[in-house]
1. For segment 129-159 and segment 244-290, what is the separation of their Cα centres, given in Å?
2. Taking 25 Å as R0, compute the FRET efficiency from the Cβ-Cβ separation of Glu155 and Arg297 and round it to 0.05.
3. Extending each Cα 7 Å along its Cβ direction at Asp185 and Ser101, get the distance between those two points in nm, one decimal.
4. How do Phe222, Phe289, Phe158 rank by accessible surface area computed with a 1.4 Å probe, from largest to smallest?
Amino acid sequence: MGTEGRRVHEGLSPEAEKLYLAMLAGDNAETGAAREELERLGLIKNGEVRPPRSALAAVASGYEAAAIRARETADVLAKAYAEHGSQDFVEVLKDADEVISAFEEMQSQAKTEIRALDPGSYLSPQPQASPAQPPALARGVGYRVVYDSSLLQTEPGFASVRASIAVGEQARAFPGVPLKLVIADSDRALIAVPTVTGGNVVALLIHPSVLLSALIELFEAFWRMAVSITPGSQEDTHEEPTTATRRLMALLSAGLTDESIARELGVSERTVHRRVSRLQQLLGAQTRFQLGVQASRRGWL
């Protein structure tokens, strides 16, 4: 294929390419932007047509050098961000008022859900109702909270949890909740810990990061393991476990069928079903397996 049938350079404008081919044919009359483009690229020098390969190779080398500099700059900036910028995802809150203010603000700004682990307040022995919760619930924000089961063993603690459930909170219990954690949507998390001297708290406000994702997974793991808290689950626990309950739980744990348990206890299968259902409701267990776990934790087995 002759020169006229080939593009001189893929990046050359059609006008400049046309002029270059015309000049190769001996037409040097045209001036303007196309000629300036050819001169800038080195395809015309001192009014003479230059070989395209060497001229455009120099241009390509310039682009390659610029690309290398851009990659090197990106590497430097990425290293600087890793050393300094990544620290921005954690804020340290150093006193109780600051922590409470952040907690209230997270609830007031939440759009979909608040998730929390609550081992009890570090500033008082019982959980404290947040004034920001009812307005957030009214806006349609969901609440899922896992409480340390020890909080349900006192009347003030259970009353506080029951009040939160009454306004729409989903609550579950688990023994040994390890930290006080609040997650607003998937945007922020607050971790509160007591100071060494006591009487105050320090908290970490976590912004989107790998750490925030890990805290969300931590909450979901506890939520799956915890058992539901029902409004009436405390009133009858003071009378339990009776001798009959201990015997029933022992038979259930041994893996006996309801028919066998009924025969051992000298009652009907319907009575066994009724007693098991009552215990599940009492302990907030959704399955018989959870019932066994809860009974074991309470020392009923």
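The values are calculated or read from the model by the stated rules, or taken from the named source; none is laboratory data. Everything numeric here is computed off the predicted structure, so don't read it as measured data. Counting neighbours? That spans all protein chains shown, and the Cβs are built from the backbone with ideal geometry, glycine included. Quick note on the areas: whole protein, heavy atoms, side chains included, nothing else; ligands and nucleic acids left out. Shrake-Rupley method; radii C 1.70, N 1.55, O 1.52, S 1.80 Å.
1. One Cα centre to the other: 31 Å.
2. 0.80
3. Distance between label points: 2.2 nm.
4. On the way: Phe222 25, Phe289 160, Phe158 5 Å².
So the residues, ranked largest to smallest area, are Phe289, Phe222, Phe158.
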